[in-house]
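For reference, the structure discussed in these notes is given below.
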Amino acid sequence: MDTVGRDRLFKAKQHNLPIRVHLQKMYSKYLREVVQYPKIYKPTIGQDMRECFAALRTKINHAAKLQHKLTALREADTALECLRDAVWAAFDVRCISEGQYGLWVGELNALGMMLGGWIRDARNAEQKAPR
């Protein structure tokens, strides 16, 4: 399947939320890279990253369905920090190279900016809502 078709399929399945599409692509990248980790680190760092991805996906999906999103988005931000720590640990024990680490940091920062914008919009929406 070509890249354009895959992107359309991802967007159709993810209800056009760019943060979900970006997160799914990062998870796919993780699945391709974890195979190359040294055998000793697969059950530890690989599992930590998998749990962080699962928590982040769960919290973003939960926030997408709530009317008052701010608390759920703050929890997702905490899960993103957990993922950043896991990627840092993978770099620290040399499961990923410096170049891969740079790519991961760029992707995580882009995800953080998307999440931060969503939090800012949710905060503004809650302040404008009549009580």
Next on the checklist: What's the magnitude of the charge dipole for the range 17-128 around its Cα centre, counting Lys and Arg as +1 and Asp and Glu as -1 at the beta-carbon? Answer in Debye, nearest 20.
Outcome noted: 400
Item to check | Ile96 long-range amide H proximity, modeled H, under 5 Å | outcome: Phe91
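Among the listed pairs Lys25/Lys59; Lys39/Lys65; Lys25/Lys65; Lys29/Lys59, which are separated by more than 27 Å between their Cα atoms?
Numbers: Lys25/Lys59 17 Å; Lys39/Lys65 39 Å; Lys25/Lys65 21 Å; Lys29/Lys59 20 Å.
Correct reply: Lys39/Lys65.
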Item to check | For a label point 7 Å along the Cα-to-beta-carbon line of Val93, residues of the range 14-58 with backbone N under 15 Å | outcome: 34-52
Checklist outcome for this item: So for the chain, using the alpha carbon gyration tensor with a ≥ b ≥ c as root eigenvalues (a/c under 1.5 gives rounded; past that, a/b versus b/c decides prolate or oblate), I'd call it prolate
Next on the checklist: I need the phi-derived Karplus couplings for the range 77-86: 6.51 cos²θ - 1.76 cosθ + 1.60, θ = phi - 60°, integer Hz, Gly and Pro marked x.
Outcome noted: 5, 5, 5, 5, 5, 4, 5, 4, 5, 5
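No lab work stands behind these numbers, since they all come straight from the coordinates. Since the structure is predicted, the reported quantities are computational estimates derived from the model, not experimental observations. For neighbour counting, all protein chains shown are included, and Cβ atoms are generated from backbone atoms with ideal geometry for every residue, glycine included.
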